[in-house]
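Notes for the one structure printed next.
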Amino acid sequence: MTDKKAQLEKLKEEWTPTEETILKRRSVRLYKKEQVPEFMIKRILEAGRFAPSAGNSQPWKFIVLRDPEVINGLVSTTVKICRLFKAIIDYRIPGKEYLKPLAKLFIRVKPNDLHPTPFGAVSLIADGKLGLWHDAPTIILIFKDVRGVSSPDLDCGIAGQNMVLAAHSMGLGTCWVGFVKLAFQYTGKWKKFFGIGYPYKFASSLAVGWPKGNPDGMVERSTHAVDWYEDGGSKTVI
Ligand SMILES: Cc1cc2nc3c(=O)[nH]c(=O)nc-3n(C[C@H](O)[C@H](O)[C@H](O)COP(=O)(O)O)c2cc1C
């Protein structure tokens, strides 16, 4: 068998290490207290830095948080805003059904922020039932440079997922956390603290740490039909 043929036969039999990491990575919401060595976080940041971006514009800025006081401060601000949101729009609370029209209006105006999962999660965070960063010892904040070519949010997502996969390939756990956006969107406190202004805007964040137990592993995923055009015809594959 030629090298190429043998390589293809092997591919049919087993996942590559990269595929294994992609397929088995899970969001981790339970972390050990032990801090991640600095060199590992630097390697993870490198994986982000090497991400592709439109026009190679690299429209991102990363901030690493490992100071519990700063992390807790951001959590506290976000929880306060979630409590406010909950009080204003959570019409599911008995006796607060009158809030429904206002909540529906908010959801219509801010569909990505409030519907459907975020709506419930805002209340869970407000009630302390969903940790913001799940007590992870290292946080990576991702800011987009709004001057980036095409779609800076998309580029930041690609850079972030590069970091997530690099972290899991090293045995670490991660979780994307979007809710801290509230602390940057509705207060000036943390933008001032980090010296963040134009052209940077909060994009998302990653919790990083040593997972408790072994949460990684394959799970069922919903299938999404893919239309496939070839040789003058088409088929649908999943
Ligand atoms: C952009 C983004 C934001 C997310 N925000 C949160 C969050 O604030 N809190 C959280 O616990 N999980 C968050 N997640 C994790 C998702 O809930 C998780 O990826 C999804 O349920 C699929 O599970 P899996 O990552 O284990 O495959 C976020 C994921 C992404 C991609």
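A short reminder: the numbers here are calculations on the coordinates, not readings from a lab. A quick note: this is a predicted structure, and the numbers were derived from the prediction, not measured. Because the Cβ atoms are built from the backbone with ideal geometry, glycine has one as well, and the counts that use them run over all protein chains shown.
Couplings 3J(HN,Hα) for region 128-136, derived from phi with the Karplus relation 6.51 cos²θ - 1.76 cosθ + 1.60 (θ = phi - 60°), are x, 8, 10, x, 6, 10, 6, 6, 5 Hz, where x marks Gly and Pro. The length gained on full extension between residue 56 and residue 107, counted as 0.36 nm times the residue separation minus their Cα-Cα distance, comes to 14.9 nm.
For region 173-236, the list of trypsin sites (Lys or Arg not before Pro) that fall in a loop by DSSP and count at most 10 other C-beta atoms within 10 angstrom reads 221. Panel note: the C-alpha atoms of region 28-73, placed on their principal axes, show extents of 39, 22, 20 Å (largest first). Stretching the chain fully between residue 93 and residue 214 yields a gain of 40.0 nm (0.36 nm per residue, less the alpha carbon separation). Classification of region 50-137 by its C-alpha gyration tensor yields an oblate form. The axis ratio a/c (a ≥ b ≥ c) is 1.5 or more, and b/c is at least a/b.
Could you give the angle, 0 to 90 degrees to the nearest 10, between helix 117-126's Cα long axis and the longest principal axis of the Cα atoms of the chain? Tilt relative to the chain: about 50 degrees. Treating the angle as unsigned and between 0 and 90°, give the value, to the nearest 10°, between the Cα long axis of helix 3-13 and the longest Cα principal axis of the chain. It is inclined by approximately 50 degrees.
For the chain, the convex hull spanned by the alpha carbon atoms encloses 202 Å³ per residue. Taking only Cα atoms, what is the 0 to 90° angle, nearest 10, from helix 100-109's long axis to the longest principal axis of the chain? Its long axis makes an angle of about 50 degrees. Binning all Cα-Cα separations of region 1-43 at 10 Å, short to long from zero, yields these whole-percent fractions: 20, 28, 26, 18, 8, 0.
Estimated from helices alone, the mean residue ellipticity of the chain at 222 nm is -13500 deg cm²/dmol (sum of -39500 (n - 2.57) over DSSP H runs with n ≥ 4, per residue). Counting 0.36 nm for each residue step from residue 176 to residue 15 and taking away their Cα separation leaves a gain of 55.5 nm. Shown here for region 113-148: trypsin sites (Lys or Arg not before Pro) in loop regions (DSSP other than H, G, I, E, B) with at most 13 other Cβ atoms within 10 Å, namely 129, 147. Highest GNM mean-square fluctuation, the chain, Cα pairs closer than 10 Å: which of 199, 94, 59? Residue with maximal mean-square fluctuation among 199, 94, 59: 94.
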